[in-house]
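Presented below is the structure to which this report refers.
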């Protein structure tokens with residue numbers, strides 16, 4: 001029992017350390033020795049838990065996604081209106097990415113390298129289901145609350161507007177002449193800007 005607890009504590013320590021290093025250096029720039037130092041363990045122990053940096057990165061992503069997915073699934077499938085869902089989803093999604101800014105680029109990189117990776121993620125408990133959301137969008141279109149739009153297209157619009165600034169952070173910082181503090185402030189404002197933009201574009 002004690003050994004299991006030690007193993008769990010050490011693994012959690014490694015994942016927290018790896019996330020910090022990945023956030024600072026990215027997947028390519030991070031080194032296993034840096035992660036071991038951050039976790040206050042030796043490199044041999046790090047390799048005992050994770051044989052490669054890729055496996056460690058996937059574990060960090062899976063851990064982060066396991067926290068995000070249930071939140072988003074709950075929002076999408078609650079009994080609120082489509083308008084409220086857009087507001088809540090955008091707020092939660094952008095807040096989460098701001099805390100884990102390496103995730104969007106990792107997802108794109110990993111899907112290009114290993115298309116089956118997402119199939120593994122989909123098997124996780126709490127993975128968001130869009131069926132209720134699509135049905136609700138169709139119903140509100142039918143009632144004349146929303147302009148004609150498919151639930152799938154609406155979801156893609158929301159995801160795209162939320163994620164793109166984090167994928168293109170250096171580009172946006174350069175164009176807008178922003179430092180880290182200015183970018184964070186812009187992303188905080190974006191929680192409202194994105195939801196209002198989408199809602200105004202689909203409401204009758």
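Quick notes
- A simple spin-label model places the labels of residue 95 and residue 197 2.1 nm from each other, with each point 7 Å out along Cα-to-Cβ.
- On Cα atoms only, tilt of 2-29 relative to the major axis of the chain in degrees: 70 degrees
- As a size descriptor, the averaged projected area of the C-alpha convex hull of the range 85-159 was calculated at 5.9 nm².
- Taking max minus min of the alpha-carbon positions on each principal axis, the chain gives extents of 62, 46, 30 Å, largest first.
- The range 135-180 and the range 18-38 have Cα centres separated by 31 Å.
- Extension gain, residue 25 back to residue 147 (0.36 nm per residue minus Cα-Cα distance, nm): 39.6 nm
- Between residue 186 and residue 159, the FRET efficiency from the beta-carbon distance, with R0 = 22 Å, is close to 0.75.
- Cα gyration tensor category, rounded, prolate or oblate, for the range 93-204 with a/c compared to 1.5: oblate
- Ascending count of other beta-carbon atoms within 10 Å, so fewest first, for 51, 190: 51, 190
- Computed E for residue 113/residue 81 - FRET, C-beta separation, R0 45 angstrom, nearest 0.05: 0.70
- Angle between the chain longest axis and helix 82-99 axis [Cα atoms, degrees, rounded to 10]: 20 degrees
- Axis of helix 131-142 versus longest Cα principal axis of the chain: the two differ by about 20°, to the nearest ten degrees.
The numbers here are math on the coordinates, done by the rules we state, and not lab data. These figures come from a predicted structure and were not determined experimentally. A quick note on method: Cβ atoms are made from the backbone with ideal geometry, for glycine too, and the neighbour counts reach across all protein chains shown.
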